[in-house]
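Presented below is the structure to which this report refers.
Derivation of every value follows stated rules applied to the coordinates shown; laboratory data play no part. It should be emphasised that the depicted structure is a prediction, and the values quoted were computed from it without experimental measurement. Glycine also receives a Cβ, built like all others from the backbone with ideal geometry; neighbour counts cover every protein chain displayed.
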């Protein structure tokens with residue numbers, strides 16, 4: 001992927017331009033965010049689901065490293081800045097209506113992702129229902 | 001995964017219960033939705049990113065087929081009901097703070113997913129910047 005600077009986000013076009021065109025014209029929600037799904041390039045596992053505002057998306061494209069917008073902290077967030085778990089971008093994919101991205105990344109530092117210390121944020125699966133009809137989880 | 005009926009969603013607990021516990025206590029956003037990322041069990045590719053309200057999540061768990069909530073149509077949505085592209089659930093994963101799910105699915109019908117006719121909604125990647133600083137897309 002090119003890492004040229006000064007990328008600009010195009011305005012939304014027609015449905016045909018959005019779905020079949022060759023220009024990124026992303027749809028940010030009413031909260032100014034779109035969804036990013038981050039995949040480990042080596043394992044192909046989902047590492048995390050996070051959000052980007054326009055600034056985070058531009059920074060990600062221009063620096064080739066994943067930047068997100070933290071909804072809890074209301075702040076731009078360079079993933080791995082303190083942990084060293086920098087996410088180097090291999091590829092950014094966009095979906096049909098351009099409101100979600102998939103980031104294929106190589107993870108720096110110790111290779112982890114989750115703030116709990118696990119390598120992926122997805123470390124549990126739904127595993128049936130208990131006697132009180134509660135939905136049980138087990139470790140993957 | 002169990003397909004027992006009458007699953008109920010538990011109230012949110014402490015951070016420790018949410019992150020390390022063995023009970024699903026999902027966090028729905030202010031719009032009543034959480035994010036679901038759907039992965040093809042065979043190819044391991046991301047098929048789509050969509051949203052679930054409480055009813056969609058319960059129906060997905062109880063029927064072992066993917067149900068979503070369509071934000072554009074403001075309606076519950078059984079994926080594949082008209083197209084035959086039913087998503088049979090192999091596994092549902094939940095992330096650390098329980099506001100996102102990964103669905104590992106086997107796709108019925110012709111095996112497709114996207115309303116545009118492509119097998120996945122993610123059929124384009126970001127591919128550099130043009131002379132007007134527009135962000136270019138190319139087919140995957």
* Asked: Counting other C-beta atoms within 10 Å, which of A:40, A:95 has the fewest, and how do the rest follow?
  -> A:40, A:95
* Structure fact -> Here FRET efficiency (C-beta to C-beta, residue B:63 to residue A:6, R₀ 41 Å, nearest 0.05) is 0.25
* Quick one: B:67, B:77, fewest Cβ neighbours within 10 Å first, how do they rank? -> B:77, B:67
* Structure fact -> Note: A:69-77 gets an average of partner chain Cβ contacts (10 Å, Cβ to Cβ) equal to 0
* Can you give the Kirkwood hydrodynamic radius of chain A from its Cα pairs, in Å with one decimal? -> 16.4
* Asked: Cα axis of helix B:54-63 to longest principal axis of chain B: angle in degrees, 0 to 90, nearest 10?
  -> 80
* Send over the Kirkwood Rh of the protein assembly as shown, from the inverse of the averaged 1/r over different Cα pairs, rounded to one decimal Å. => 19.2
* **Label point at residue B:71 placed 7 Å out along Cα→Cβ; residues across the stretch A:24-38 whose backbone nitrogen lies under 16 Å** => A:25-37
